[in-house]
1. Output the qualifying pairs, or none if there are none: Cβ atoms under 7 angstrom, residues six or more apart or on different chains, first residue in the range 291-308 and within 15 Å of residue 105 (Cα to Cα) and outside the structural domain of residue 231 (by TED's automatic domain parsing), second residue modelled with pLDDT of 95 or more and in a helix (DSSP H, G or I).
2. Return the only residue of 131, 151 being away from ligand 2 (no atom under 16 Å from the Cβ), of a type in the set (Asp, Glu) and not assigned by TED's automatic domain parsing to the domain that holds residue 283.
3. Cβ contacts < 8 Å: first residue farther than 25 Å from residue 141 by Cβ, restricted to the range 190-206; second residue part of a helix (DSSP H, G or I) and not hydrophobic (A, V, I, L, M, F, W, C), any location; separation 6+ or different chain. Result?
4. Can you list residue pairs whose Cβ atoms sit under 9 Å apart, with the first residue in the range 270-282 being within 6 Å of ligand 2 (Cβ to nearest atom) and the second being small (Gly, Ala, Ser) and not in a helix (DSSP H, G or I)? Count only pairs 6 or more apart in sequence or on different chains.
5. Report whether or not residue 99 is of a type in the set (Phe, Trp, Tyr) and out of contact with any Ser or Thr (no Cβ under 9 Å at 6 or more places or on another chain).
6. Could we say that residue 105 is in contact (Cβ under 8 Å) with a residue 40 or more places away in the chain, closer than 24 Å to residue 288 by Cβ and not β-branched (Val, Ile, Thr) here?
7. Just to verify a result, which residue in the range 108-154, among those that are of a type in the set (D, E, K, R) and free of Cβ contacts under 8 Å to residues at least 24 places away in the same chain, is nearest to residue 90 (Cα to Cα)?
8. Which residue, of 63, 18, is within 16 Å of ligand 2 (Cβ to nearest atom) and crowded, with 17+ Cβ neighbours inside 10 Å?
Amino acid sequence: MPERKFSKQILCIGAGYVGGPTMAVIAAKCPQYKVTIVDINADKIGQWQSEKLPIYEPGLLEVVKQARGRNLFFSTEIEKNIEEADIIFVSVNTPTKTFGEGAGKSADLQYWEKTARTILRAAKSDKIIVEKSTLPVRTASAMERIVNSKENGIHFEVVSNPEFLAEGTAVADLEKPDRVLIGSRETESGRRARQEIVDIYANWVPRERIITSNIWSSELSKLVANAFLAQRISSINSISALCEKTEADVSEVAYAIGMDSRIGSKFLQASVGFGGSCFKKDILNLVYIAESYGLQEVADYWQNVIKINDYQENRFVRKMISVMFNTIAGKRIALFGFAFKADTGDTREAPAITVTRKLVDERARVIITDPQAIPNAKKDLQDILDQVEFEPDPYQAAQGTHAIAVMTEWKLYKTLDYRKIYAGMEKPAFVFDGRNILPHDELYQIGFNVYPIGKPSQSHI
Ligand code: NAD
Ligand code: UGA
């Protein structure tokens, strides 16, 4: 056997928002391991090898550059790399199914299953397979059945290690996670495999933050964590509607309740609605799983978290229409931000998509500005490109508009010269702050009619 230069060979299948940053951080923290990331998308692999990464994530390029070519490699040669790996993380997409049984709710596991079959075909020695993607509880049992189906003497141990990073803070979340969760079968080989994954993270994560559990608890905890986070947003958003009727201020309510240490202050920021690739899909998946076990009341409970989110997006547009004299046909409206949150170019399930489509249905002309998300916004709106405009400069975007609607909490929108913006707008000029980030009193003094979320509006009309 030739001497191995690296103590472990780690492979990740899927070079997306999770696979890329997670493996880059493992490689940067553990120069003793060889970390390779493969993907079927050759363009994406090319971008990971370049100066312009396929995703925007603060601090990520520096981390990638620290390890790239040293112990971090990107490749499209999936089978060859499977053969060489000791540990295979699988981080492919698991979107909501759009067809057949469970359409609109259950997870589409076709990419997942293809990966399992590729591993089975290419592997020539024992491997640990790590579920990094978010999966329905009990997926590991299907994975085990597929990969251990050949009687070739090769043993695959399946371990669950869900990822809890949030986009926009991915590097910081990976470097200092609240916890790392690793679940396995409670067998001897299961516990041994689990320990191998613990050892990887123990290179930089304090041991008490690395928690282990049985494999089903681990799979389910990921879905439940997202459901609880989204539930907090829907809870505060539901209260924002009540605040608008009663002159209570949702930020003051959130502050007051968040001071109770049992409630806590995080994730109580009322907004136009939550977006992102996972909250909705993971809750729908939870709903589907509960229904499939005959737990209709449980399913209904979680379904309502999504219902409130849809309500919040719709309510935002209805408010725009009603205060702009019940017609926005022919009016120009600038959307400040299109990404589903700040510090990312990702627009998956962004509230801005729904808002844009509804405004266009009302025959408004929508001008979209965003520092990172315009390329993705163009893809999301490709069927209505003739009815929207894209303008990277927010001052230009607001020029000649009747209203500005803040969709994403980008810091730069807080400090623009709103006197200058006001001067270039049609009058009366409106601001709808879907993120409650602008200086509302100041905008009102300038002359704007200001409509925040869950706070009293300030109108000159
Ligand atoms: P993504 O779409 O950005 O990346 C998935 C990648 O997998 C794509 O590049 C795709 O080309 C590749 N892929 C698909 N099938 C493949 C195959 N057979 N072989 C090789 N590559 C293949 O998705 P993502 O946002 O990184 O999410 C991945 C998983 O992680 C999902 O299950 C998601 O729920 C979960 N997750 C995402 C986040 C997040 O913030 N985005 C956070 C935690 C967990
Ligand atoms: C979320 C979770 O926070 C991660 O832990 C998880 O790993 C990830 O989903 C996943 O599984 O994909 P992410 O969607 O990237 O991360 O971003 P969040 O910060 O959770 O924001 C989600 C949405 O909620 C955004 O649209 C954000 O603007 C909105 N939000 C968040 C609010 O409206 N109010 C808040 O108080 C917090």
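1. Going by the 7 Å Cβ cut-off, there are no qualifying pairs.
2. Values: 131 fails: away from ligand 2 (no atom under 16 Å from the Cβ).
After applying the criteria, what remains is 151.
3. Correct list of pairs: 203/29; 204/29; 204/175.
4. Taking only residues 6 or more apart or on different chains, the pairs are 271/434; 275/339; 275/350; 276/166; 276/350.
5. Details: of a type in the set (Phe, Trp, Tyr): yes; out of contact with any Ser or Thr (no Cβ under 9 Å at 6 or more places or on another chain): yes.
For residue 99, the condition - of a type in the set (Phe, Trp, Tyr) and out of contact with any Ser or Thr (no Cβ under 9 Å at 6 or more places or on another chain) - is met.
6. On the way: in contact (Cβ under 8 Å) with a residue 40 or more places away in the chain: yes; closer than 24 Å to residue 288 by Cβ: yes; not β-branched (Val, Ile, Thr): yes.
Yes, satisfied.
7. Our first condition is that a residue be of a type in the set (D, E, K, R); within the range 108-154, this holds for 108, 113-114, 117, 121, 124, 126-127, 131-132, 138, 144-145, 150-151.
With free of Cβ contacts under 8 Å to residues at least 24 places away in the same chain added as a condition, the list becomes 108, 114, 144-145, 151.
Numbers: 108: 15, 114: 11, 144: 14, 145: 16, 151: 23 Å.
So, considering only residues that are of a type in the set (D, E, K, R) and free of Cβ contacts under 8 Å to residues at least 24 places away in the same chain, the one nearest to residue 90 (Cα to Cα) is 114.
8. Values: 63 fails: within 16 Å of ligand 2 (Cβ to nearest atom).
Selected residue: 18, the only one of 63, 18 that is within 16 Å of ligand 2 (Cβ to nearest atom) and crowded, with 17+ Cβ neighbours inside 10 Å.
The values are calculated or read from the model by the stated rules, or taken from the named source; none is laboratory data. Since this is a predicted model, take the numbers as computed values, not measurements. Ideal geometry is used to build each Cβ from the backbone, glycine not excepted, and the neighbour counts take in all protein chains shown.
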